[in-house]
Ligand SMILES: [Fe+2]
């Protein structure tokens, strides 16, 4: 049996002011999980807590989830949950807070579970025996609120655990653009181009389907139409809302169809040079489009929908519009010297080749091809076919 499925959260609540939906949820003990200071400083943590209390719940908070959340943070949160015994878990913040809370939840429900046991795909046992999970993203990018994915870092062993289990797909995603409106322009640009990369890679993925294509295409259109305004005027709630929805739509597509080589390559150059994920994706995307073009007619469908001749060029123009460079050499964020790049090239290419995202790239590829794409993106030689 060639089993295929499409899974997303049961409830997606969207629109300005929808944080208040928390007051409509049922539960008795709610645990809020958040990152550093921004959700508290901007007042969203207090508001979320107030809505939950208005619904009759006792509230506790796990905060301080760091970027690239660690095994220790997950264990600390899981222990806090075992002590407090929530029946509702609400993650509010960036992708890190959401990713960490998902695994805290798994370890809360199964105290004897280990990281090693949950590395194989879909190996987290049945959740929701103790709590339901609500996700409220403060960036429009990772789509962790909709996906079955989480990335946790073992800071002692220097290993990132990419965890994929449909059990950790949230029950409720609340998409309130007000919560994301504080993103500064550079974050809006990088996360927004990550959304575009999710959407385009999902659309051309080998696992794309009639369920994922319309969502991916809508997300592509929304990003092209709205990222310039969201970047220029962060207070424009219409642009913010459209970008927030685009992120989730792209997430619904890619959590079911997976991604491609842009992500494989961004993961590895990010690991080596610490370049921001969305920025690496934005720069690599046009080069991978040109490489993949011979393997799929679907870029042509995107070009027709957008009314552009070359999607690769259109992406580069959009990058330029939001202050993103065209080459890895001049990425504007971290220094990557040619010597350091050459030194890393083979290892990055080999590791990117093994990345799970490579398996669903529309063109079958190998390390030598990926090295050539890295070089093209480093020096800026876009070969249009
Ligand atoms: Fe991404």
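A short reminder: the numbers here are calculations on the coordinates, not readings from a lab. Keep in mind it's a predicted model, so treat the numbers as computed, not measured. Positions of Cβ are generated from backbone atoms using ideal geometry, with glycine treated the same way; all protein chains shown enter the neighbour counts.
Tabulated values for the structure
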| item | result |
| --- | --- |
| Which of 267, 198, 158 has the fewest Cβ neighbours within 10 Å, and the rest in rising order | 158, 267, 198 |
| Tail fraction, Cα-Cα pairs, region 112-253, threshold 28 Å, whole percent | 25 |
| Beta bridges per DSSP with both ends in the chain, % antiparallel, nearest 5 | 20 |
| Rounded to 10°, Cα long-axis angle of helix 338-354 versus longest principal axis of the chain | 70 |
| Distance from region 342-385 to region 11-61 (C-alpha centre basis), Å | 42 |
| Degrees between helix 95-109 axis and first principal axis of the chain (Cα, 0 to 90, nearest 10) | 50 |
| Volume in Å³ per residue [convex hull over Cα atoms, computed for region 124-196] | 129 |
| Residue 84 versus residue 117: modelled label distance in nm, points set 7 Å from Cα along the beta carbon direction | 2.4 |
| Per-selection metrics, region 11-179 (Cα): Rg and Dmax in Å | 14.5, 44 |
| Computed over region 175-229, Cα set: Rg, Dmax in Å | 12.5, 36 |
| Alpha-carbon centroid distance for the pair region 100-152 / region 177-249, whole angstrom | 23 |
| Cα-derived Rg over Rh, computed across region 251-385 with Rh taken as Kirkwood radius | 0.94 |
| Of 325, 280, 339, the one that fluctuates the most in a GNM where the chain has Cα springs shorter than 10 Å | 339 |
| Helical mean residue ellipticity (222 nm; -39500 (n - 2.57) per DSSP H run of 4+; nearest 500) of the chain | -15500 deg cm²/dmol |
| Amide N proximity, region 364-385 versus residue 295 label position 7 Å along Cα-to-Cβ, cut-off under 18 Å | 364-377, 383-385 |
| Cα pair count fraction exceeding 36 Å, expressed as % - the chain | 20 |
| Order of 301, 167 - criterion: other Cβ atoms within 10 Å of each residue's Cβ, fewest first | 301, 167 |
| On Cα atoms only, tilt of 237-257 relative to the major axis of the chain in degrees | 80 |
| R0 of 30 Å, Cβ-Cβ distance residue 156-residue 339: FRET efficiency to nearest 0.05 | 0.50 |
| Exposure proxy order (Cβ contacts within 10 Å, fewest to most) of 248, 326 | 326, 248 |
| Using alpha carbons only: equivalent-ellipsoid semi-axes of region 53-145, gyration tensor based, whole Å | 19, 17, 13 |
| Relative contact order of the chain, pairs being alpha-carbon contacts under 8 Å that are 6 or more residues apart, as % | 15 |
